[in-house]
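Student: Could you have a look at this structure, given as structure tokens, before my questions?
Please treat every number below as a calculation from the coordinates, not as lab data. In this text the structure is predicted, and so the values were computed from the model without any measurement. All Cβ positions, even for glycine, are placed from backbone atoms using ideal geometry, and neighbour counts span all protein chains on display.
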Amino acid sequence: MRRILLAAVAALALAALPGAQAPAQQQVVNVYNWTDYIDPAVIERFTAETGIRVRYDVFDTLEALEGKLSAGRSGYDVIVPTAEPTFARLLRAGALRPLDMARIPNAANLDPALMARVANVDPGNRHGLIYLWGSVGLGMNAERIRALAPDAPLDSLSLLLDPRHARRLAPCGIAVMDSATDVLPSVLRHLGFSPDSVVPAELEAAQRALLAIRPYLRSIPSPPALLEALAAGEICLAFAFSGDVIQAAGRAAEANRGHTITYVAPRQGAQLWFDVMAIPADAPNPDAAHAFINFLLQPDVMAAITTQVGYPNAVPGSLPLLAAEIREDRSVYPDAATLADSFVAGTPAAAGERARARVWARFRAGR
Amino acid sequence: MMRAAGWLALGVLVAAPLLIVLAMGFGTATSGVPPVIPPWGAGGWQGSLEAWGLVLSDSFYRDALWQSLRLAFITGALCLVLGFGMALGIAAAPPARQFIWLALVLLPFWTGFLLRVSAWVGLLRDSGWVNTMLMQAGLIETPLRMLHTEGAMILGMVHAYLPFAVLPLYASLARRDLTLEEAAADLGAGRWRVLFTITLPLAAPALAAAFLLVFIPAAGEVVIPELLGGPEALLVGRAIWQEFFQTLDWPAAAALATALLALLLLPVAAFQRLAAR
């Protein structure tokens, strides 16, 4: 929560900085992005180069984004939903505007192989361009885990999902982020089912697996709260977004509290996700929105963002501009084998969505 | 003129939103902007009872409603006990002092609600102020688990809603006829007897009003249980949120909100009967 407030204050400060005394007819772009998901200097540079003011607002759950967009007239010009499920559902609902690629020449900078992974839900990539991507996996303080469970595998989801390991690790703190869409697919896959399954028996098995470790969990926080707990050393094992773990590791190192945090993508196959930049159908400033998206897709801009937030981008031209320790960090840019084993979760239909929400609610409740 | 404006405000600010929520409960969820088909369209009635069937048949929602009413009741009861003591104390203070005490009760209202709840997060967390102080004092070795527990949630609720109880109780107690209590004392009643036979019964309407002012908003509270409560706190506010945002089933969310409202009308009706007596 404190972080949301900080982000809000930062956004206000940003809004006040460049264009406060600007003339009334100055162009504006209203951006709605995840918390802690950009390099603030990039926004200043955009305003300096184009004269377009950026009103930057943040969300920390996809539900918040989808809720605002579903009501219509959200007032946002650029949004950054995750490809599945939110981008797919917004697309289906007719809430997105097709992008005018002639005005986004930098879209050519994107990696076609990664864009193909988003084309499942957006044939021809007409509505969304990848902003950042990443995986879901384990964030840990390996030293403390080793001390409590020396025989547990550090690169497998069974570290979390095997009650024998979870029980021993409970004293140093385990947390799972509060997101059915980002956790259930990996659990289903770990149990040998399709990550998109809505088969009642398979969902029940996932429910049993989650309930079995539920007594050993310290909390089921929102992703930003989990990041903070991990950085503060309040937990030693977390199931979280890759970049959140990397940011937590960075903060822990800065605070110098003597704990080292690492990210591990599960060996059996990590869930990949792609956050795409899109323009709502009723965006008030589509011209500025196109300009903003085109600006972000420059290699040097993307390199700055990846450096700041610890998530990989989809512009290969940014790689040479990254510091070697980021470019070669396999927790930022997974190796070919991890990528080959990875999966992208699908978008269940409404009934399946409720069944999954119910599994999640029971997991939270522990009964 | 004034009365017409009053009715207009009541219609626009109270009746219209209520009717919209009520109608939405009979709509059909769909994929679109907005994600709902209204119960009346160009071809007349097209609503469905599906959302109500779901909300009434699934024990998940009953649990959520029950948990919410329970939390609201506990919050209301604690606020009543604490608030009554505070109001009694303020009413007994010299008039100049009363203003200061009341200002102190109201002061937290001038700070953002989220900020106050977040302050509790900072106080109660494992590496928070309370645990740090206790550990530095050598009283505990490992941090006490306080954040994300039912206790933290109730603490936050009482903290947030206490002023709603203090103010009506103070208003009633400050205006009470002290001669009645003096008479009772002169006739030999002890302090507790005076309290229970004179002060409390005379303050009964204010007690009921204070309880309802806390109970009703507390039943729909979302933010405090989310930030301070444990993951097992599945309150109706969260269930409505989940239907609205996660499954995008606005009719189910509306039906649930209507059901909560209907349940909250019961204590209000009971209060009316008490007041009429």
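Student: Give me a comma-separated list of calculated 3J(HN,Hα) values for the stretch A:311-319, in order, Karplus coefficients 6.51, -1.76, 1.60 applied at θ = phi - 60°, integers in Hz, x for any Gly or Pro.
Tutor: Ordered by residue, 3J(HN,Hα) equals 10, x, 9, 10, 10, x, x, 7, 4 Hz.
Student: Hey, what do the phi angles of the stretch A:107-113 turn into as Karplus ³J(HN,Hα) couplings, whole Hz, using 6.51/-1.76/1.60 and θ = phi - 60°, x for Gly and Pro?
Tutor: Listing the rounded values in order: 4, 5, 6, 6, 6, x, 5 Hz.
Student: The stretch B:54-115 to the stretch A:27-106: how many Å between their Cα centroids?
Tutor: 39 Å
Student: Under the classification rounded if a/c is under 1.5, otherwise prolate if a/b is larger than b/c and oblate if not, where does the stretch B:58-276 fall, given a ≥ b ≥ c as square roots of the Cα gyration tensor eigenvalues?
Tutor: Values: a/c = 2.36, a/b = 1.33, b/c = 1.78.
Since a/c reaches 1.5 but b/c is at least a/b, the shape of the stretch B:58-276 is classed as oblate.
Student: How many partner chain Cβ atoms sit within 10 Å of a residue's Cβ in peptide A:219-226, on average, as a whole number?
Tutor: Numbers: counts 6, 4, 5, 2, 0, 0, 4, 0.
Average neighbour count from other chains, rounded to a whole number: 3.
Student: Now for a different question. Check A:Val176: other-chain or 5+ apart residues with amide H under 5 Å from its amide H, H built from backbone geometry?
Tutor: Long-range HN contacts for A:Val176: A:Ser219, A:Phe239.
Student: Right, something else. Quick one: if the Förster radius is 51 Å, what FRET efficiency do A:Arg208 and B:Phe109 give, using the C-beta to C-beta distance and rounding to 0.05?
Tutor: Values: r = 47 Å, r/R0 = 0.91.
My answer for the efficiency is 0.65.
Student: If packing is taken as the average count of other Cβ atoms within 10 Å, what order do A:124-134, B:124-134, B:262-272 fall into, highest mean first?
Tutor: Taking the mean over residues of other Cβ atoms within 10 Å, the ranking is A:124-134, B:124-134, B:262-272.
Student: To continue, here is another question. Using only the alpha carbons of chain A, determine the length spanned along each of the three principal axes and report them from longest to shortest in whole angstroms.
Tutor: Sorted largest first, the three principal extents are 63, 47, 36 Å.
Student: How high is the FRET efficiency between A:Asp282 and A:Arg103 when r is their beta carbon distance and R₀ equals 25 Å, given to the nearest 0.05? Walk me through the numbers on the way to the answer.
Tutor: Working: r = 18 Å, r/R0 = 0.73.
Rounded to the nearest 0.05, the efficiency is 0.85.
Student: What relative contact order, as a whole-number percentage, does chain B give when Cα pairs under 8 Å and 6 or more residues apart are counted?
Tutor: Working: 306 pairs, mean separation 81.1, N = 277.
29 percent.
Student: Given a Förster distance of 51 angstrom, what is the FRET efficiency for B:Arg70 paired with A:Glu49, based on the Cβ-Cβ distance and rounded to 0.05?
Tutor: On the way: r = 57 Å, r/R0 = 1.12.
E between B:Arg70 and A:Glu49, to the nearest 0.05, is 0.35.
Student: Related question: Is there a simple number for the mean count of other chain Cβ atoms within 10 Å of the Cβ of residues in B:124-132, and what is it?
Tutor: Working: counts 0, 5, 8, 6, 2, 0, 0, 0, 0.
Other-chain Cβ atoms within 10 Å of each residue's Cβ, averaged: 2.
Student: In deg cm²/dmol and to the nearest 500, what is the mean residue ellipticity at 222 nm of chain B if only DSSP H runs of at least 4 residues count, each as -39500 (n - 2.57), divided by the residue total? Show your work: numbers first, answer last.
Tutor: Details: 14 runs with 185 residues, N = 277.
Using -39500 (n - 2.57) per qualifying helix, the result is -21500 deg cm²/dmol.
Student: Can you give the angle from 0 to 90° between the axis of helix A:200-213 and the longest principal axis of chain A, with both taken from C-alpha atoms, to the nearest 10?
Tutor: Orientation of helix A:200-213: about 70 degrees from the principal axis.
Student: I would also like to ask the following. Provide the packing ranking of A:286-292, A:332-338, i.e. peptides ordered by the mean count of other C-beta atoms within 10 Å per residue, highest first.
Tutor: Values: A:286-292: 21.4, A:332-338: 15.1.
Final packing ranking: A:286-292, A:332-338.
Student: What is the average number of partner chain Cβ atoms found within 10 Å of a Cβ in B:247-255? Provide the component values of the computation, followed by the final result.
Tutor: Details: counts 10, 8, 4, 3, 0, 1, 0, 0, 0.
For peptide B:247-255, the averaged partner shielding equals 3.
Student: Please report, in debye to the nearest 20, how large the charge dipole of the protein assembly as shown is about its Cα centre when each Lys and Arg carries +1 at its beta carbon and each Asp and Glu carries -1 there. Please list the in-between numbers first.
Tutor: Numbers: 47 positive and 51 negative charges, 342 e Å.
In total the dipole reaches around 1640 debye.
Student: Tally Lys/Arg at +1 and Asp/Glu at -1 over every other residue whose Cβ is under 13 Å from the Cβ of A:Ser318; what's the total?
Tutor: Values: positive: A:Arg327; negative: A:Asp39, A:Asp111, A:Asp300.
Once all neighbours under 13 Å are counted, the net charge is -2.
Student: Within 10 Å, count the other beta carbons around each residue, average over each peptide in A:235-242, A:110-117, B:235-242, A:35-42, and list them highest first. Don't skip to the end; give the middle numbers.
Tutor: On the way: A:235-242: 27.1, A:110-117: 15.6, B:235-242: 23.6, A:35-42: 18.0.
My ranking of the peptides, most packed first, is A:235-242, B:235-242, A:35-42, A:110-117.
Student: For the stretch B:156-219, just the Cα atoms, rotate onto the principal axes and tell me the three extents in Å, largest first.
Tutor: Taking the Cα atoms of the stretch B:156-219, the three principal extents are 43, 19, 16 Å.
Student: How big is the gap, in Å, between the Cα center of the stretch B:166-226 and the Cα center of the stretch B:120-144?
Tutor: Computed from Cα coordinates, the inter-centre distance equals 36 Å.
Student: Of B:Trp101, B:Ala137, B:Cys79, which is farthest towards the positive pole of the stretch B:58-276's charge dipole, taken about the Cα centre with +1 and -1 on the beta-carbons of Lys, Arg and Asp, Glu respectively?
Tutor: The residue sitting most towards the positive pole is B:Trp101.
Student: What does the charge add up to near A:Gln298, with Lys and Arg as +1, Asp and Glu as -1, over the other residues with Cβ less than 12 Å from its Cβ?
Tutor: Details: positive: A:Arg45; negative: A:Glu49, A:Asp300.
Around A:Gln298, the surrounding residues sum to -1.
Student: Between the stretch A:188-248 and the stretch B:19-43, what is the separation of their alpha carbon centroids in Å?
Tutor: Cα centroid of the stretch A:188-248 versus Cα centroid of the stretch B:19-43: 35 Å apart.
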